[in-house]
Amino acid sequence: MKNKKNREKAHSFKNYMFMLKFVMKNSPWLLFSLLFFDVLSNLPWLLSNVVLLKYIIDVVTEGVALYRIAVACLIFAVTVVIGNLGNTLFYEVYRPKQIEKLHYKLYSMIYEKAAKMDFESYDNPEFYNDFVLAMNTMSDRVDSILSSTQAFFTHAVSIISITAVIVTIDPVCFIFIALCVGIMV
């Protein structure tokens, strides 16, 4: 049973890598753009929860002029607006075109392979059902690979960013948080 699960995981990983290579070959900037714009949209909110909040607390506790908080919040707001404009352009203009390009190349590849198959294969109901299933789910698989990679990268960047900020603020606090997370996992 365990050996079967290991083979299934290896097979899934192999399929994932195949699709990732396919994406990189046919639309390399799409994956990098997805990762960049996802970080661009999430990082300001992530850092504002730590850095901006710390800055506001520091300004208030030091008794410095409160206009500095307004300036920091304004800079944050401008950064978020610019990031959102970039995200909107990317997700509404560039990404749909690149996704269609990927789908077209993927279906072309499958049709080429299907054209090279023996006609006897099409008489086999099992082959035909597998072929139809592959055709119906192929575009979803590309989208799934992209979203999985995007989610993994976003979470990794989030963890690294928050860890870096917490370590620079208070390394002892990081050790305490790491211990708590270790106990929870």
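The values are calculated or read from the model by the stated rules, or taken from the named source; none is laboratory data. This one's a predicted model, so the numbers in the text were calculated from it and none came from an experiment. Cβ sites come from the backbone with ideal geometry, for glycine too, and all protein chains shown count toward neighbours. In case anyone asks, the SASA skips ligands and DNA or RNA and just uses the protein heavy atoms, side chains included. Shrake-Rupley method; radii C 1.70, N 1.55, O 1.52, S 1.80 Å.
Give the shape of the stretch 1-106 as rounded, prolate or oblate, defined through the alpha-carbon gyration tensor: a ≥ b ≥ c are the square roots of its eigenvalues, a/c under 1.5 means rounded, and otherwise the shape is prolate if a/b is larger than b/c and oblate if not. Because a/c hits 1.5 or more and a/b fails to exceed b/c, the stretch 1-106 counts as oblate. Candidate cross-link partners of Lys101 among the lysines, defined by an alpha-carbon separation under 20 Å and a same-chain spacing of 8 or more, comprise Lys21, Lys25, Lys113.
GNM, the chain, Cα, under 10 Å: largest mean-square fluctuation among Val78, Val23, Val39? Greatest mean-square fluctuation among the candidates belongs to Val78. Can you tell me the accessible area per residue over the stretch 27-118, all protein chains present, probe 1.4 angstrom, in square angstrom? Ligands and nucleic acids excluded, the figure is 65 Å² per residue. Test of understanding: in a Gaussian network model of the chain with alpha carbons linked when under 10 Å, which of Asn87, Asn136, Asn42 would top the mean-square fluctuation ranking? Maximum among the listed residues: Asn136. Diffusion coefficient of the stretch 66-185 by Stokes-Einstein, Kirkwood radius over Cα pairs, 4 °C, 1.567 mPa s: 66 µm²/s. Computed with a 1.4 Å probe over protein heavy atoms only, the accessible area of Arg7 comes to about 150 Å².
Take the Cα of Ile110, step 7 Å toward its Cβ, do the same at Ala65, and the gap between the two points is 6.4 nm.
Compared with the direct C-alpha span, the chain from Asn49 to Val157 gains 37.4 nm at full extension, assuming 0.36 nm per residue.
Among Pro96, Pro125, Pro44, which one shows the biggest mean-square fluctuation in a GNM of the chain, springs joining Cα atoms closer than 10 Å? For the chain, modelled as a Gaussian network with Cα springs under 10 Å, the answer is Pro125. Which helices, taking whole DSSP H runs in the chain, have alpha carbons extending 18 angstrom or more along the helix axis plus mean Kyte-Doolittle at least 0.0? Membrane-span-like by this rule: 28-47, 67-89, 125-169, 171-184. Could you check how much of the accessible area of the stretch 67-171 is carbon and sulfur, as a whole percent, using a 1.4 Å probe? Exposed carbon and sulfur together represent 65 percent of the surface. Hydrodynamic radius of the stretch 64-111 by the Kirkwood approach over all distinct alpha-carbon pairs: 13.7 Å.
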